[in-house]
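Every number in this text was worked out from the coordinates using simple rules, so none of it is lab data. Bear in mind that the values here come from a model prediction, so they are computed numbers and not experimental data. Neighbour counts run over all protein chains shown; Cβ positions are idealised from the backbone, glycine included.
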Amino acid sequence: MIKQLTLAKYSIGMGDRFAHQAKAQLQACLKAAANGAEVIPVWNKSNREHTIIGSEPSSTRAAADAAVKELGWQRPYHLDADHIRLETVDRFIPHCDFYTIDVADSIGKPADPQAVHAFVERHSELIGEILIPNIDRPLAISCGDIQRIAAKYLLAVQDAGKICRHIAKAKGEGNFITEVSMDETDSPQTPPELLVILAALADEKIPLQTIAPKFTGRFNKGVDYVGDLGQFEKEFREDLAVIACATKRYGLPANLKLSVHSGSDKFSIYAPIRRGLARFNAGLHLKTAGTTWLEEVIGLAEAGGDGLALAKEIYSTALDHIDELCAPYATVIDIDRGKLPSKETVNGWTSTQFVSALRHDPKNTAFNMNLRQLLHVGFKIAAKKGERYLEALKKHEAVIAKNVTENLYERHLKPLFTPIPGP
Ligand SMILES: [Zn+2]
């Protein structure tokens, strides 16, 4: 048996766009550990982020290793090649031990009819009334349903297999963690769809440890969830039930868990997620990314002086380039342009005013979710400033680090993972 690199029960994906906050991020995991929750850090950066910034995966590795060494972190940590495909995976291979294989583009593209036929033949157990423990009603799946689902997803699953084997060839089997993501697609996967997908992923012998389905509702970048919380909770629990059942049935890795690609800061679903995890004794990978970059801007603004001036400059340049910045993220942002403050207004702001508008505190009436989303997708502006931006990060490290750690711990790790003290 090959020894498999295994992802722990609870893990947090963190994005560090400019590779300067790994230490402050890891501090949040240390704080969680000190408060009774082991949450394993995973530094994720997608090909898209690397391309926009002009960075290489080696910089993420260097920053993570340095942070771990400096803070004496004794537990595992990982580096996630986020949302990769066959064409983009190679430059991540020397540096990453976690691969998020994104097959969303192949969903809905017709699979080979013979492969679909063979799948249906092989999986007659999926036809009929399927009893899934902890789902109220049995899933009624007809032969036609399986055919339809397999036709929609089989090509995507085969792609995942190809990419996974490509990585295994380069890194050696068992030396990496595999996630398959299907979140960047039009509609959420239903429980029968997820069951069929998991059976097909098992057929491909993918050592799947996390899966990122698409959930109901809007997951806009850097702001709270928009949608029906009751419906989310129901779907989240159904996903947990299907995963628990499929893991046993199809011999998938026993630690297989859900990965929630949160787009950062989906505070209102944390309580439903927490209840679901407790009910199923399930693990979770929570992926965040841009929330840390926004804490950099908050820290700069809080520092005042040249820090505040730079934060204002980033906002006003972002306003000038709003169309270009928003285009790659069109499906995951909802910016009401009429509610964006003008450059003149922002240029007149104090530190407190800038921070109040940007910091994700829904209770603060000065919080502006439109400004927050624009800055979330505006990291390219900071990247273009090059050394000047990085120098500012160094100069104002203390105030930025405090914001980065506090945000990850207080707003994410604590509500999701740390034990709730008794009365
Ligand atoms: Zn995603």
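Here are some notes:
- Rg [Å, one decimal], Dmax [Å, integer] - region 86-159, C-alpha atoms: 16.3, 47
- Partner lysines for residue 109 [C-alpha distance under 28 Å; skip if fewer than 8 residues away on the same chain]: 45, 152, 162, 169, 205, 214, 221, 257, 287
- For region 1-158, convex hull of alpha carbons as volume per residue, Å³: 182
- Every Cα-Cα pair in region 292-410 was counted, and those over 24 Å apart are 19% of them.
- Tail beyond 33 Å, pair distance distribution of the chain (Cα, percent): 34
- Region 94-150-region 260-302 distance, computed between alpha-carbon centres (Å): 28
- For region 210-310, the extents of the C-alpha atoms along the principal axes are 60, 28, 21 Å, listed from largest to smallest.
- Dividing the Cα radius of gyration of region 192-232 by 2.2 N^0.38 Å, with N the residue count, gives 1.56.
- Computed from point charges on the beta carbon alone (+1 for Lys and Arg, -1 for Asp and Glu), the dipole magnitude for region 10-289 about its Cα centre is near 560 Debye.
- Restricting attention to the chain, close to 10% of DSSP beta bridges with both partner residues there are antiparallel.
- Close amide H pairs (under 5 Å, H built 1.01 Å from N) link residue 132 with 139, residues at least 5 positions away or on another chain.
- Sorted into 10 angstrom bins from 0, the C-alpha pair distances of region 32-75 split as 23, 42, 26, 8 percent.
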